[in-house]
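Notes follow once the structure below has been shown.
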Amino acid sequence: MTISRETLALSEMTGLTPLSATTTCRDPQAAYSELRARWGQVAPVELEPGVNAWLVMGHPEICNVVRNERLFARSPHYWRLYAERIVPPDSGLGPMMFPRDNAYFADGDKHRRLRAPLDDGLAALNEHKMSQMIRSTCTDLIGQFIERGSADLVTEYAASIPMLAVGRMFGFGPEHAEHFRRGLTALFGSGEDSQAGNRMVEQMLTSIIESRRAQPADDLTTAFLKHPNLHNDYEIVQSMVLMVSAGYETTLSWIAQTLRLMLTDSRFSGRMRGGRLGLDEALDEVLWRDPPMSNMPARYALADCDLGGQRILRGDGLILGLAAANADTRVHSSDPWLEVGNRSYLAYSTGPHNCPAQRTSRIITRIAVDTALHLLHDVAMAVPAEQITPMPSPWTRCPASLPVRFSRPGIVHK
């Protein structure tokens, strides 16, 4: 196998910060600041041993990348390390960075063709019916632990809501939710079990497609089967993988981070006792400080170019540091009081590949947080805030647990 000079140059960059260090550390912005101090707004990072990429941390630099499809492609076929098989086929990065036939990994006309079924499906959702279902789901989940006076609001609550909601949309029931959740957690973890988790998810979705082909229903699986833009079962499965995985992981993180914020930050926890800031401000604060995707893969340079003071070579991979860019002082001040109402965050990315489910995810997250705070009286964290740790992933920073205490029904604390 012949290795290009560009690959050698990238591979010879040693001692780089692992990308996962920005999501698993206690203070991500401090980690991003260290990278900026050394490299500027575009820094080389290690995705896994021997596999490096550029982390784009500047707000205008990310906007430049995502809005310029002629220079930065989404398709991994342009990734030099993938094309030259430097990344092993069994890499944990595979489910998040190897090619798939869905809108996330496509460019131009193919992207627009594969994105249409997603946009059409979301537009056809009955938001009133969905809201009722979400609130009922949240109430039922809380009913399973409210008599105990304590719970983990991630494992017993936030982790279930988006999976049950997405399952209802696509036509699979609660009996499948736990298997999907395990598979998707592995997929986003990008560890040794990520490809096994991906296979589990694809196999389950294939089974659902076969079931709906035999017996159509009023759900998104049936809609995808009928959509003229999806040409074969592989495109249908991969489009479902995209919606199910993004709908689960990002909404879980948004719910968990908002609950964490409202229970640990005096500006928001005070709201439950007559303070100044409320739920909508908390939702936006999380999109600024801890967006559902901290680091989003990936774009690939179609030609040599300069970006943020770095020389980017054709085929280089670029990771979008959304959490880092949201802290860019060119768009965001360090005073949280001055930022109320500012929604120029990149939590949903921007450009042709911006998130199509912004409204749907906000509805689910808002209902989930509101229901928990309304039903769990005197709810408070059961551990110090500094003990909250994230799930392992180089892409997301979702709390692994949120242990809380609250008053059991019928018990009034004076």
Length released on extending from D306 to T264, taking residue separation times 0.36 nm less the Cα-Cα span: 11.0 nm
Ranked highest first by average number of other Cβ atoms within 10 Å, how do 117-129, 299-311 line up? 299-311, 117-129
Could you sort the peptides 105-111, 246-252 by per-residue average Cβ neighbour count (10 Å cutoff), highest mean leading? 246-252, 105-111
Phi-based couplings in Hz for region 121-130 (Karplus 6.51, -1.76, 1.60; Gly and Pro marked x): x, 5, 5, 7, 5, 7, 5, 5, 5, 5
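Using a Förster distance of 45 angstrom, determine the FRET efficiency expected from the C-beta separation of E127 and S407, and round it to 0.05.
The calculated FRET efficiency here is 0.85.
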Once L225 and H377 are pulled to full extension, the length gained, defined as 0.36 nm per residue separation minus their Cα-Cα distance, is 50.2 nm
Dipole magnitude (debye, nearest 20) for region 5-405, charges at Cβ of Lys, Arg, Asp, Glu: 560 debye
Rank by packing, highest mean first: peptides 157-166, 59-68, with packing defined as the count of other Cβ atoms within 10 Å averaged across residues. 157-166, 59-68
Computed ³J(HN,Hα) along region 207-214: with the Karplus parameters 6.51/-1.76/1.60, θ = phi - 60°, integer Hz and x for glycine or proline, the list is 5, 5, 4, 4, 5, 6, 5, 6
If R0 is 41 Å, what FRET efficiency do you get for C25 and R314 from their C-beta distance, rounded to 0.05? 0.80
Subtract the Cα-Cα distance of E192 and T139 from 0.36 nm times their separation in residues, and report this length gain in nm to one decimal. 15.5 nm
Take the eigenvalues of the Cα gyration tensor for the chain, scale each by 5, and report the square roots as semi-axes in whole Å, largest first. 34, 28, 19
Whole-Hz Karplus ³J(HN,Hα) for region 90-103, in order, using 6.51 cos²θ - 1.76 cosθ + 1.60 and θ = phi - 60°, x for Gly and Pro? 9, 4, x, 6, x, x, 9, 10, 8, x, 9, 8, 9, 4
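Values quoted throughout were computed directly from the atomic coordinates according to the rules given, and no laboratory measurement underlies them. For clarity, every value in this text was computed on a predicted model and none was experimentally measured. Positions of Cβ are generated from backbone atoms using ideal geometry, with glycine treated the same way; all protein chains shown enter the neighbour counts.
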